[in-house]
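This report refers to the structure that appears directly beneath it.
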Amino acid sequence: MSEPLLRIRGVRKQYGSRLVLRSIDLDVAEHQVVCLIGGSGSGKSTLLRCVDLLEVVDDGTVHLGESELTDPRLDANLARRRIGIVFQAYNLFPHLSVLDNITLAPRRVHGVPRRQAEASALELLDRLGLADKAQDHPDRLSGGQQQRAAIARALATEPDLLLFDEITSALDPELVGEVLDVVADLKQRGLTILMATHEMGFARQVADQVCFLEDGVILEQGTAEQVLTAPRQQATQRFLSRVLDHS
Ligand SMILES: Nc1ncnc2c1ncn2[C@@H]1O[C@H](COP(=O)(O)OP(=O)(O)OP(=O)(O)O)[C@@H](O)[C@H]1O
Ligand SMILES: [Mg+2]
């Protein structure tokens, strides 16, 4: 098997005396979608934030391809250019049009000329069904449209890896599908995605791997089919019966 694109080894993260991640090991192969599931406070967001270098790990390493992201000598801003991240909400700058939101990083950080950045952004918006929203400010868009625009912004710098943190959990139920359809399309196109999600049905359809986190540990990991339909750990079974009861 080829080297994974993302390789997490022994990652530990502590806030004060509280150990939030305890020795996390995780591989994400190129073109794979890996879903992180688990209860509130289990460490999903913290793990994603450690990969995006928004948090400094206390121990362990994260490699993206050949480069070690956790190397303290590495320029975090440079490394972060290869990663796109989308959060639960408030991703877009409210004072900029959708188009300017998307072209900001390509122009300012990657030095792409305005015309070229705008042409690529319009293409992306078209693909995500937002061609007519380019000139609007985010507050004119529905929540689902805002999240699709946020995904377009994350894609605009052509990242190697996408990180999604509960990107549908702030949406009204009828808007969840349109955002998940975009994620499924990205997988079809061969992108590599690590995402925290509460959408078990979606994880089952799209994920190559599912990791169940509890208390900062990956308690169970396997194919979506195995973890979601035949979990081996009692904690995973308890978690799944709880969330499936509520859906
Ligand atoms: N900046 C911080 N300072 C202190 N503690 C934090 C900080 N960020 C997160 N934590 C704690 O770390 C633990 C893990 O939080 P995290 O946000 O990673 O969980 P999560 O799995 O994403 O939960 P949720 O499903 O609610 O989003 C929680 O106990 C949280 O209170
Ligand atoms: Mg979270």
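A few remarks follow.
- With both labels modelled 7 Å from their Cα along Cα-to-Cβ, the E123 to D160 distance reads 2.2 nm.
- Between R108 and L54, the simple label model (points 7 Å from Cα in the Cβ direction) yields a spacing of 1.7 nm.
- Subtracting the Cα-Cα distance of A170 and E3 from their residue separation scaled by 0.36 nm leaves 56.6 nm.
- Given a 1.4 Å probe and the protein chains as shown, F93 ends up with an accessible area of around 90 Å².
- Accessible surface of K133, taken over heavy atoms with a 1.4 Å probe and every protein chain present, rounds to 40 Å².
- For K44, the lysines whose Cα comes closer than 16 Å to its Cα, not counting residues fewer than 8 places off in the same chain, are K13.
- On the principal axes of its alpha-carbon atoms, the stretch 111-247 has extents of 55, 29, 25 Å, going from largest to smallest.
- On the chain, 45 percent of the accessible area sits on carbon and sulfur atoms, based on a 1.4 Å probe.
- Calculated P(r) of the stretch 63-108 - Cα pairs past 11 Å, %: 76
- Rounded to two decimals, the Cα-based Rg/Rh of the stretch 29-175, with Kirkwood Rh, is 0.98.
- Set of the stretch 144-166 residues, backbone N closer than 18 Å to the point 7 Å along the Cα-Cβ line of D181: 144-152
- Computed over protein heavy atoms with a 1.4 angstrom probe, the accessible surface ordering of S2, S120, largest first, is S2, S120.
- For trypsin sites (Lys or Arg not before Pro), the sites in the stretch 174-219 that DSSP calls loop and that have at most 11 other Cβ atoms within 10 Å are R189.
- Net charge of the neighbourhood of T157, taken over other residues with C-beta under 12 Å away and scored Lys/Arg +1, Asp/Glu -1, is +4.
- Sites counted here are GluC sites (Glu not before Pro) in a DSSP loop (not H, G, I, E or B) having no more than 16 other Cβ atoms within 10 Å; the longest part of the chain that contains none of them is 67-247.
- By the equivalent-ellipsoid construction on the alpha carbon gyration tensor, the chain comes out with semi-axes of 29, 22, 16 Å, ordered largest to smallest.
- Heavy atoms of H198: accessible area, 1.4 Å probe, square angstrom to 10: 90
- A 1.4 Å probe run over the protein chains yields, for the stretch 1-104, 49 Å² of accessible area per residue, whole-number rounding.
- Ranking I8, G129, T192 by Cα position along the charge dipole of the chain, where only Lys, Arg, Asp and Glu carry charges on their C-beta atoms, puts I8 farthest toward the positive end.
- When the Cα atoms of the stretch 95-159 are aligned to their principal axes, the ranges along those axes come out at 31, 23, 18 Å in descending order.
- A simple spin-label model places pseudo-atoms 7 Å from Cα toward Cβ; at T61 and T229 they are separated by 3.8 nm.
- Estimated FRET transfer efficiency (L244, Q188; beta-carbon r; R0 30 Å; 0.05): 0.65
The values are calculated or read from the model by the stated rules, or taken from the named source; none is laboratory data. Computed from a prediction, not measured in an experiment: that's the story for all the values here. Positions of Cβ are generated from backbone atoms using ideal geometry, with glycine treated the same way; all protein chains shown enter the neighbour counts. Remember, those area values only see protein heavy atoms, side chains included, never the ligands or the DNA or RNA. Shrake-Rupley method; radii C 1.70, N 1.55, O 1.52, S 1.80 Å.
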